[in-house]
1. State which residue is surrounded by the fewest Cβ atoms within 10 Å (Cβ to Cβ) when the search covers only the range 72-90 and only residues that are without any contact (Cβ under 8 Å) to a residue 60 or more places away in the chain and of a type in the set (G, A, S).
2. Which residue is modelled with the lowest pLDDT, if the candidates are limited to the range 101-110 and must be surrounded by 15 or more Cβ atoms within 10 Å (Cβ to Cβ) and polar (S, T, N, Q)?
3. Could you tell me which numbered condition Q63 fails, if it satisfies all but one of (1) farther than 19 Å from L2 by Cα; (2) of a type in the set (S, T, N, Q); (3) surrounded by fewer than 16 Cβ atoms within 10 Å (Cβ to Cβ); (4) out of contact with any Ser or Thr (no Cβ under 9 Å at 6 or more places or on another chain)?
4. Please give the number of the condition D78 fails out of (1) among the acidic types (D, E); (2) out of contact with any helix residue (DSSP H, G or I) (no Cβ under 7 Å at 6 or more places or on another chain); (3) under 15 Å from R138 (Cα atoms).
5. Quick check, is L34 at pLDDT 95 or above and not in a helix (DSSP H, G or I)?
6. State all residues of the range 60-87 that are in a helix (DSSP H, G or I) and touching a Gly at 6+ places or on another chain (Cβ under 8 Å); if no residue qualifies, say none.
7. Going through the range 111-150 one residue at a time, which ones are under 11 Å from the mean Cα position of the chain (by Cα), surrounded by fewer than 19 Cβ atoms within 10 Å (Cβ to Cβ) and of a type in the set (K, R)?
8. At pLDDT 95 or above, basic (K, R) and closer than 21 Å to D41 by Cβ: which single residue out of K118, K123, K150 fits that description?
Amino acid sequence: MLHINIVYVGKAKESFFRDAINEYSKRLSKYCILNFIELPDKQLPSKLNDSIKNQIIDFESEQIIQKLNLGSYNIALDSHGKEFTSEEFAKLINDLQQETSEITFIIGGSLGLNDKLKNMCNKKLSFSKMTFPHQLIRIFLLEQIFRAFKINNNEKYHH
């Protein structure tokens, strides 16, 4: 069975985010082994200059790098990444299942990921050019992974 890791920075603080994450985790258990790796985020100071911003990005990215299995197919969620339709994403998941037993999705903190980490990844994925809360992106990701499995198994799922 495919192992899917989701490495992310910061807690899902609101209960409705946690409820949605738990619901999709339960649904996905039929299709894959899901593993969450939660890392603490750095508290942002009230005044944020470029130097402090880069220090925080580097710190959080380094935390993520320490948790990566370099044998996994690593996908960074990045606003400059490739956008997929649900069908294209399903095909990517299906193709990867033929090549690897482990996929890791990486969601950085509110300031993003550094280039070192992004360059270590096999692919960069974008859900939109818009900015969303990181807790919501986790739910988007889980929903799209679930949808991909439904598509790949020719199971009915609303469009």
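1. My answer is S79.
2. Among those residues, the one meeting the criterion is S110.
3. The single condition Q63 does not satisfy is (3).
4. (2)
5. Numbers: at pLDDT 95 or above: yes; not in a helix (DSSP H, G or I): yes.
So L34 fits the description; yes.
6. Initial filter on the range 60-87 (in a helix (DSSP H, G or I)): 60-67, 86-87.
Passing the criteria: E60, S61, I64.
7. K124
8. K118
The values are calculated or read from the model by the stated rules, or taken from the named source; none is laboratory data. None of the values given here were measured: they were computed from a predicted structure. Positions of Cβ are generated from backbone atoms using ideal geometry, with glycine treated the same way; all protein chains shown enter the neighbour counts.
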